[in-house]
Structure formats: structure tokens, C-alpha cells
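> Dropping a structure here in C-alpha cells format, bear with me for questions.
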Amino acid sequence: MKPFKASALLDVISELFSDEASIAVSNLETYVYYRASKRINLKISPGDQIKKGTITYKALERKQKVSEFIHRDVFGTPYYGMAVPFLDEGDVQGCVTAIFPALTSGKSVVTLKVNEGWIPVPFSKIIYVEARDRKTYVYAQKYTGTHKYTLNEFDYVLPKEEFVRCHRSFIVNVTQIQEIYPDTHSTFLLVMNNGEKIPVSQSYASYFRKLLGF
């Protein structure tokens, strides 16, 4: 088999992300690869030093996956990032970072694809978001439609004070929860205002319980 370039492999991996996301790969000190998206460009170049305060710096420092909002004072542009360090024989060697555009001020709707058209739905009207059959479904008070964002991308752009990830397949609007019931193995079941029942998985149960204070 003919050897292939690492950059070619990274270009293919980048295609797995939406056009919204920029992708950066680093070693312990500098960036070695960067692909800017159409929506956000931090203007990183291979060879640039990893700045303190970036999502990449935090993931390398903590030696674990980090997902959070980064303010504009680091790169001059606010962004949401998800960074995952990679290991070689147990030692951290570098990091892969996905960079998403921050929610622009004034934007307070999600535009759903419904039948042959699109309907803007205010955040407050969304009940929950579900990833199913390689699509993302948004369930609102009056409408149900699909959206091009993945669940991970919704996890970044939806307001943190209202929307909580409770399962690898669900994000819920906590203001739309009617009741919470205990379920098996220390998990929970949420009854939403539209009558649907949403599971809280075991991996999210402690986090979810802490956020809601019960």
C-alpha cells in the first residue's frame, strides 16, 4: 500500500465535521494543521504557538477533553470549542480541536426544515432536540422539523441557562420539563410539557442533577 500524507488524512477527517467548524491539530507547543471553515476563521497557521487561554491549551494542560466558550480576548473572535488530547503509549502528544462560531448576539431562533419550507422557532418554544437516524430533530411547541446542526453543535449554540444535555441523543429545555421520575440504575426519566418522556442516561445523571439542584 502506498503511504499517504498525514495532511491528506486530516483533510478527509475534517469532512466529517460541518462547514461551520474549523479544525486545528497541534503538538504540545505549536499547531501543525489548520482548516478554516466558512463561518469562523481564527487565522491560525501551522507553526503558530498555542496561546494560553485557548481551548487547545486548556485540553493539553488538563490532559482531558474540554468543551467551552472562549472569549474574544484570546483570538479577537469569540468561539465555542471542543478539544481532545491524543496519546502515544500513555503520554499526551498533541490535540485535535473543533472550533465553532459563537452564537451571534440578537439571534434567538432556530430555523427548522418543515415539509418543503422553513420555520423560525424561538429558543423558548423548543422542547427538546434529538439525534436519530443520522438526522437532528427539533421538537417545538407547535412544530417538529429537522436541522443541519449536529447535537454537539446545538450543545454549543443553545443558551446554557435553558438547555441541558441529558443523553448522547437528547438536549432538553429545562423550562419545558413537567416532571422528573427516578428510573433504573440511578438514572431519571423526564416528562416534557408535550407529554414525551426523555431519558437521562447514567453518564449525565450526576451532572444533570447538580445543574437542577435536586
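The values are calculated or read from the model by the stated rules, or taken from the named source; none is laboratory data. Predicted model only: the values in this text are computed from it and were never measured. Glycine gets a Cβ as well: all are built from the backbone with ideal geometry, and neighbour counts include every protein chain shown. To get the accessible areas, we keep the full protein, side chains included, count just its heavy atoms, and leave off ligands, DNA and RNA. Shrake-Rupley method; radii C 1.70, N 1.55, O 1.52, S 1.80 Å.
> Return the pair list, or none, for Cβ contacts closer than 9 Å from residues in region 114-140 that are touching a residue at least 60 places away in the same chain (Cβ under 8 Å) and within 18 Å of Leu190 (Cα to Cα) to residues that are open to solvent by 40 Å² or more (accessible area, probe 1.4 Å) and outside any strand (DSSP E or B), at least 6 apart or on different chains.
What qualifies is Ile127/Gln141; Ile127/Asn193; Ile127/Asn194; Ile127/Glu196; Tyr128/Asn194; Tyr128/Glu196.
> Also, quick follow-up: Do you know which of the residues in region 185-214 that are more than 11 Å from Cys166 (Cβ to Cβ) and in contact with a Leu (Cβ under 9 Å, 6 or more places away or on another chain) is most open to solvent (accessible area, probe 1.4 Å)?
So, considering only residues that are more than 11 Å from Cys166 (Cβ to Cβ) and in contact with a Leu (Cβ under 9 Å, 6 or more places away or on another chain), the one most open to solvent (accessible area, probe 1.4 Å) is Lys197.
> Need a quick list: strands (runs of 3 or more DSSP E) entirely within region 44-151 having at least 1 residues that are out of contact with any Cys (no Cβ under 7 Å at 6 or more places or on another chain) and at pLDDT below 90. Before you say what the answer is, go through the steps one by one.
On the way: elements: 66-70, 79-88, 91-101, 109-114, 117-122, 126-132, 135-140, 144-147.
Result: 66-70, 79-88, 91-101, 109-114.
> Which one of Val114, Val96, Val109, Val164 is open to solvent by less than 20 Å² (accessible area, probe 1.4 Å) and among the β-branched types (Val, Ile, Thr)? Steps first, answer last, please.
Values: Val114 fails: open to solvent by less than 20 Å² (accessible area, probe 1.4 Å); Val96 fails: open to solvent by less than 20 Å² (accessible area, probe 1.4 Å); Val109 fails: open to solvent by less than 20 Å² (accessible area, probe 1.4 Å).
Of the residues listed, the single one that is open to solvent by less than 20 Å² (accessible area, probe 1.4 Å) and among the β-branched types (Val, Ile, Thr) is Val164.
> Related question: Against the conditions (1) within 19 Å of the chain's Cα centre (by Cα); (2) open to solvent by less than 50 Å² (accessible area, probe 1.4 Å), where does Lys38 fall short? Just the number, please.
For Lys38, the failing item is (2).
> Could you tell me whether Asp48 is open to solvent by 70 Å² or more (accessible area, probe 1.4 Å) and without any contact (Cβ under 8 Å) to a residue 40 or more places away in the chain? Lay out the reasoning, then the answer.
On the way: open to solvent by 70 Å² or more (accessible area, probe 1.4 Å): no; without any contact (Cβ under 8 Å) to a residue 40 or more places away in the chain: yes.
Considered against the rule, which asks whether it is open to solvent by 70 Å² or more (accessible area, probe 1.4 Å) and without any contact (Cβ under 8 Å) to a residue 40 or more places away in the chain, Asp48 comes out as no.
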